[in-house]
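Scroll down for the structure; my scribbles are underneath it.
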Amino acid sequence: MMSSPTHSHPSSLSAFDLRAAARRAMLDNGFTPDVPAAVQAEVAHASDQASSSDAARARDLRQLPWSSIDNDSSLDLDQLEVAESLENGDVRVRVAIADVDATVVKGSATDQFAAANSTSVYTGVVTFPMLPDRLSTDLTSLKQDSARASVIIEFVVESDGTIRSHDVYLGVVTNRAKLAYNNVGAWLEGQGTLAPAGTPEIQQQLRLQDSVAQRLRAVRAKAGALDLDTIEAESVVRPDQTVDIQLVPKTRASRLIEDFMIAANVAMAQFLDAHGSPSIRRIVRTPERWDRIVALAATVGETLPAQPDAAVLSAFLVKRRAADPDHFPDLSLSVVKLIGPGVYALHTPGGDDAGHFGLATHDYTHSTAPNRRYADLVTQRLLKAVLAGTPSPYSNDELSQIAQHCTEREDAARKVERQVRKDAAAVSMASHVGQTFNAIVTGVTPKGTFVRVVAPPVEGRVMRGEQGLDVGDKVSVTLLSTNPARGFIDFGVTR
């Protein structure tokens, strides 16, 4: 979760307790927000030592200039990167993933707790980690200056951005520099200096990694991957108990990490498939509301085909970003809503699934965030079975059930995060009743019509004048009322 405020409207928290509201939202959506006693006892005696068999197979890569890029405040570090120039302009990229399985034993109390919640939940007000802090921010975190057991996903990128080969194996790494999205992103754009951890060697690494990331992105774009730029917002409670609603922009550094993450997850999916292992794939199906995407394109004079086509949609989005960058985030948000969320699904070796529409690939799993997502931890165990030459630790039926549960829990986590954002937004907007705002329609459902205000970036329901509106429409709305206890922000369309 990246955070960099670009707009905020602070307001007093008063008597409304957002942290208590966040915990209630967790309970209401079937999560266990508190770490059970059995898990606490288990974690108190946990060790970061890999098993003897894993340690024997691990390559010592501690000498390489690894670094991490994440949020300023993040301590649950899952991923490191390092790049190496080869002949003919090729570059070898290694992505190190925290070996969470080395500490969280399958079937243990900690594993069962993680499986039940399936994901960390980031509300902006309080974080509910999938794994207790002693693990996720310490023993299983790739924190700076600590040797850590890791899964290494390696791939060679040719000068034209094509991935020539890939491999996956175990290793031991040390994070040389804990870096942050905002600082690195600005530095890559030629603004400011790199944080103190950015030594000359790390600076050279980041330049090389940024160059390779752009190659990878260009190849994905040609294949039809969607380059979206939605406006995300998060709520923050300040020490003085004021509430801010902040924008979360993408940076050049966050795109770099995204590019490497996508390449690593594709490599993992293909590696498991090539070695005859079942896996849990991440699928984004063809959008059911393609007709509405076609209609949105028509409003700006563009024609899309009647049938869904990722490559054509990608080209349209690139064109619109260049033509109208100020409103491109609004278009991106509409497209994201109309495509719909992804799901987890069982994939059997050689099988053909729906693929990932947004990334224009049929081979995609989640493997790069095992501290934060249970599906990634399961993938790690499947990989270790392949490397050890042992049977899969899960049956296909078990993997299918895990995939379904992870999808359901991810949906529930979005509901919690959305509810807390609504609660915080209602607090922050309470003093703005009667004011008029520019907004975009983000949802039209049987439950109502919903809009997102451009500034401040808050969402609410249209209670008056919603007839005839659809996703993507731009409207002027007046704030009618707020109710922090229920997270309600009600608007009326201004005609």
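The values are calculated or read from the model by the stated rules, or taken from the named source; none is laboratory data. Model, not experiment: these values are computed from the prediction. Here the Cβ positions follow ideal geometry from the backbone for every residue, glycine too, while neighbour counts run over all protein chains shown.
Miscellaneous remarks
- Selected residue [in contact with a strand residue (DSSP E or B) (Cβ under 8 Å, 6 or more places away or on another chain), surrounded by 14 or more Cβ atoms within 10 Å (Cβ to Cβ), within 30 Å of Ser53 (Cα to Cα) and among the hydroxyl-bearing types (Ser, Thr, Tyr)] from Ser400, Ser392: Ser400
- Taking (1) closer than 23 Å to Thr299 by Cβ; (2) modelled with pLDDT of 95 or more; (3) of a type outside the set (Phe, Trp, Tyr) in turn, Glu408 satisfies each apart from (1).
- Candidate set from segment 63-72 (those that are in a strand (DSSP E or B) and within 20 Å of the chain's Cα centre (by Cα)); member that is surrounded by the fewest Cβ atoms within 10 Å (Cβ to Cβ): Asp70
- Selection of segment 73-123 for residues being assigned to a loop (DSSP other than H, G, I, E, B) and more than 23 Å from the chain's Cα centre (by Cα) yields Leu86, Asp90, Thr103, Val105, Lys106, Gly107, Ser108.
- Only one of the listed residues (Arg409, Arg414) is buried (at least 18 other Cβ atoms within 10 Å of the Cβ), assigned by TED's automatic domain parsing to the domain that holds Asn265 and within 17 Å of the chain's Cα centre (by Cα). That residue is Arg409.
- Check on Asp411, out of contact with any Ser or Thr (no Cβ under 9 Å at 6 or more places or on another chain), part of a helix (DSSP H, G or I), at negative phi and not hydroxyl-bearing (Ser, Thr, Tyr): yes
- Taking segment 453-478 as the range and being part of a strand (DSSP E or B) and buried (at least 21 other Cβ atoms within 10 Å of the Cβ) as the test, the residues that pass are Val453, Gly460, Val462, Val477.
- Tally, over segment 424-442, of residues that are crowded, with 17+ Cβ neighbours inside 10 Å and in a strand (DSSP E or B): 5
- Some residue of segment 290-299 being in contact with a Gly (Cβ under 6 Å, 6 or more places away or on another chain) and outside the structural domain of Leu399 (by TED's automatic domain parsing): yes
- Residue match in segment 483-490 (condition: of a type in the set (A, V, I, L, M), over 28 Å from Arg289 (Cβ atoms) and out of contact with any Ser or Thr (no Cβ under 8 Å at 6 or more places or on another chain)): yes
- Segment 125-143, subset in contact with a strand residue (DSSP E or B) (Cβ under 7 Å, 6 or more places away or on another chain) and in a loop (DSSP other than H, G, I, E, B), residue farthest from Ser108 (Cα to Cα): Val125
- Consider segment 297-314 and keep the residues that are part of a loop (DSSP other than H, G, I, E, B) and not polar (S, T, N, Q). The one that is surrounded by the fewest Cβ atoms within 10 Å (Cβ to Cβ) is Gly301.
- Cβ-Cβ contacts under 9 Å between residues 6 or more apart (or on different chains), taken from a first residue in segment 315-326 that is assigned to a loop (DSSP other than H, G, I, E, B) to a second residue that is among the charged types (D, E, K, R), are listed as Pro325/Asp229.
- Test for Gln209: is it assigned to a helix (DSSP H, G or I), in the same structural domain as Val95 (by TED's automatic domain parsing) and at pLDDT 85 or above: yes
- Of all residues in segment 155-165, those that are closer than 17 Å to Ser367 by Cα and surrounded by fewer than 19 Cβ atoms within 10 Å (Cβ to Cβ) total 0.
- For segment 479-495, the candidate set comprises residues that are among the charged types (D, E, K, R) and in a loop (DSSP other than H, G, I, E, B); within that set, the residue that is surrounded by the fewest Cβ atoms within 10 Å (Cβ to Cβ) is Arg495.
- Only one entry in Gly171, Gly161, Gly185 is touching a helix residue (DSSP H, G or I) at 6+ places or on another chain (Cβ under 6 Å) and not in a helix (DSSP H, G or I), namely Gly161.
- Test: Thr379 is within 22 Å of the chain's Cα centre (by Cα), in the same structural domain as Ile280 (by TED's automatic domain parsing) and of a type in the set (Val, Ile, Thr): yes
- Selection within segment 94-141: residues that are polar (S, T, N, Q) and in contact with a Lys or Arg (Cβ under 6 Å, 6 or more places away or on another chain). The member of this set that is surrounded by the most Cβ atoms within 10 Å (Cβ to Cβ) is Ser118.
- Among residues of segment 289-329, those that are β-branched (Val, Ile, Thr) and either within 22 Å of Val441 (Cβ to Cβ) or in contact with a helix residue (DSSP H, G or I) (Cβ under 6 Å, 6 or more places away or on another chain) (or both), counted: 4
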